[in-house]
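**Q** So that we are looking at the same thing, I have put the structure below in structure tokens.
Just so it is clear, none of the values below were taken in a lab; they were calculated from the coordinates. Computed from a predicted structure; not experimentally measured. Ideal geometry is used to build each Cβ from the backbone, glycine not excepted, and the neighbour counts take in all protein chains shown.
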Amino acid sequence: MKQEIHVSNQLLGEEDVIRKSRQNPANFKVLYEKYYRDIFRFILHRVGDKQTTADLTSQVFLKALLNISQYEFRGLPFSAWLYRIASNECNDLFRKRKRVRMVVLEDGAAEELYEVMFENEARDELKQRLPRVLEQLKPAELELIELRYMESRPFREVADIMGITENNAKVKVYRILDKMKRIMVT
Amino acid sequence: MNTKPEVSDEEIRGFMDFEGLLKRRTGVVQRQNKIDLLRKGTILGATIITLAVVWLIYRGSDRNDPAGLEPGISNPAPPAREQSGTSEIPGGKGRPDPAAPAILPVEELKPESKQAGADEGGTEQRAVPDAHVPKTGLEQETERKTLEYHYTEAEPLNGYPALYEYFNRELVYPEAGIKDSVQGVVTVSFVIGLNGEPEKISVENSLGDAFDHEAKRLIENMPAWKPARVNGKPVTTKLSIPLTFRLEKIERRQQQ
């Protein structure tokens, strides 16, 4: 209960800042400072290169600021929208420059993924083979897995970043897991 | 794919630059405004030009033909003029006011089967004018050249009511058709010559020899017409009339 209240307070606060930003862009600084690091890391984990990440991060916030009047309040943190923009920017980059996409698997980042895929045995084997398996996923599929398991976001947030419904996100994620299992087995 | 890129908070802070962001934003907004103005200006200009063109056309077309609409006539000059399509046969049985110089709007005659029995059923209907189109600017242009253009339709000498009465009286449902209970409309076209006599009688859509024959007979023997006139001079006109052959049930129903 307490946590819910905390979140909604935060949302209210954000809403206020967003409205103020619409009137005066200088007010956007609050959101900029609040989320810059998260977006930076988000992009860095996909792009790998710090300078490119910096450029893209700047791009993301610029787009956000330019389109802030079109932002819809849907009970989600502002960050979800930023992540969505960031995700799109990264995908554009990968498409345009055919850059290699990165996935962080170390330091327990993929722990949850292991758990959900296999009960106990074959874990080590999975750890070895997972990178190959992930390579075979489509960009959107990879993104979903990463958001849900490596970054541990709730389905609601995953859905919003990807621009689909929550239910859709769940269905897709489980389908991808099945796909991955099949790849593992063959 | 597996090495985790490390970056500290400090390092990230090094990349932050809000002032720069604001500046970039201003630049974009200014550029957008310019494009926006340009687009609006173009639309406005195009609208003005369009309106001017429309106004000019309207002005041009307004200055002619006070007599109202005519059927699509494009060449008024030669005397033996063939007017394509039809002239209106306005009014029906019992309807007042036939031929006037202006075209009356088309109305379907109610099917009136007056005779009893199965062997008569001729009903006239108004010829459907296929030339009943609003005049284009071009046609009005050519007409403006003849300053005065007065057109009288061809019409039966004794008037339309008499003509319809004649049809009704004379039309005989052909024997050959009764057996098959053929019903339908035969369109007969003919030319009213300078002397008012019908010529070049032809059936446009046949229902069979017997019907065509009867339809032609009817036209050949119909009472005389007055020819159409342009500015007083008689001209030939082509007309067509649909004749309806209908079979009535023996038990005659009262028509409204």
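**Q** What FRET efficiency do you get for A:LYS63 and A:ILE183 if R0 is 35 Å and r is their Cβ-Cβ distance, rounded to the nearest 0.05? Kindly include the intermediate steps, with their values, before the conclusion.
**A** Numbers: r = 35 Å, r/R0 = 1.01.
E between A:LYS63 and A:ILE183, to the nearest 0.05, is 0.50.
**Q** Rank these for me by crowding, B:PHE15, A:PHE40, going from fewest to most other beta carbons within 10 Å.
**A** B:PHE15, A:PHE40
**Q** In nm, to one decimal, how far is the A:ARG19 label point from the B:THR26 one, both placed 7 Å along Cα→Cβ?
**A** Those two pseudo-labels are separated by 2.8 nm.
**Q** For the pair A:ASP49 and B:LYS34, how long in nm is the line joining their label points, each one 7 Å along Cα→Cβ?
**A** 3.0 nm
**Q** Here's another thing I want to ask about it. If I take R0 = 41 Å and measure r between the Cβ atoms of B:ASP17 and A:ASN167 in this structure, what FRET efficiency does the formula 1/(1 + (r/R0)^6) give, to the nearest 0.05? Provide the component values of the computation, followed by the final result.
**A** Details: r = 40 Å, r/R0 = 0.98.
Efficiency, from the Cβ-Cβ distance: 0.55.
**Q** Give the long-range amide H neighbours of B:LYS226: residues separated by 5 or more places, or on another chain, with amide H under 5 Å away, using H modelled in the peptide plane at 1.01 Å from N.
**A** For B:LYS226, whose amide H was placed from the backbone, the distant partners under 5 Å are B:GLU155, B:LEU157.
**Q** If you don't mind, there's one more thing I want to ask. Once you charge only the Cβ atoms, +1 for Lys and Arg and -1 for Asp and Glu, what is the size of the charge dipole of the range A:111-185 about its Cα centre, to the nearest 20 debye? Don't jump to the answer; show the numbers that get you there.
**A** Values: 14 positive and 16 negative charges, 72 e Å.
That gives a dipole near 340 debye.
**Q** Hey, another quick one. What spacing in nm lies between the two simple spin-label points modelled at A:TYR174 and B:TYR149, each 7 Å away from Cα in the Cβ direction?
**A** Roughly 7.8 nm, to one decimal.
**Q** May I ask which of A:LYS96/A:LYS127; A:LYS29/A:LYS138; A:LYS63/B:LYS34; A:LYS50/A:LYS96; A:LYS29/A:LYS170 have a Cα-Cα span longer than 29 Å here?
**A** Among A:LYS96/A:LYS127; A:LYS29/A:LYS138; A:LYS63/B:LYS34; A:LYS50/A:LYS96; A:LYS29/A:LYS170, the Cα-Cα distance tops 29 Å for A:LYS96/A:LYS127; A:LYS29/A:LYS138; A:LYS29/A:LYS170.
**Q** Arranged by the count of other C-beta atoms within 10 angstrom, fewest first, what order do B:HIS150, A:HIS45 take? Write out the running numbers ahead of the final one.
**A** Numbers: B:HIS150 11, A:HIS45 20.
With the fewest neighbours first, B:HIS150, A:HIS45 line up as B:HIS150, A:HIS45.
**Q** Mind pulling the angle between the C-alpha long axis of helix A:166-185 and the longest principal axis of chain A? Nearest 10 degrees, somewhere in 0 to 90.
**A** Roughly 30 degrees, rounded to the nearest 10.
**Q** Under the Karplus relation 6.51 cos²θ - 1.76 cosθ + 1.60, θ = phi - 60°, what is the ordered set of whole-Hz ³J(HN,Hα) values for the range B:213-224, x standing for Gly and Pro?
**A** Karplus-based 3J(HN,Hα) across the range B:213-224 equals 4, 5, 4, 4, 4, 4, 5, 4, 9, 6, x, 5 Hz.
**Q** Hey, what's the Cα Rg ratio for the range A:111-185 versus the globular rule of thumb, 2.2 N^0.38 Å?
**A** Details: Rg = 12.1 Å, N = 75, 2.2 N^0.38 = 11.3 Å.
Normalised by 2.2 N^0.38 Å, the Cα Rg of the range A:111-185 equals 1.06.
**Q** Turning to a different aspect of this structure: Arrange the following residues from fewest to most other Cβ atoms within 10 Å of their Cβ: B:THR236, B:THR47.
**A** Values: B:THR236 19, B:THR47 10.
Fewest-to-most ranking of B:THR236, B:THR47: B:THR47, B:THR236.
**Q** What residues qualify as long-range amide H neighbours of B:GLU204, i.e. H under 5 Å apart, gap of 5 or more or another chain, H built at 1.01 Å from N?
**A** Amide H neighbours of B:GLU204, under 5 Å, 5+ apart: B:THR187, B:VAL188, B:SER189.
**Q** Here's a follow-up. If only Cα atoms are counted, what is the Rg of the range A:2-97, and what is its Dmax, in Å?
**A** Looking at the range A:2-97, its Cα Rg and Dmax stand at 14.0, 46 Å.
**Q** Out of residues 5 or more away from B:TYR151 or on other chains, whose amide H comes under 5 Å of its own, with H placed 1.01 Å from N in the peptide plane?
**A** Amide H neighbours of B:TYR151: B:ASN231.
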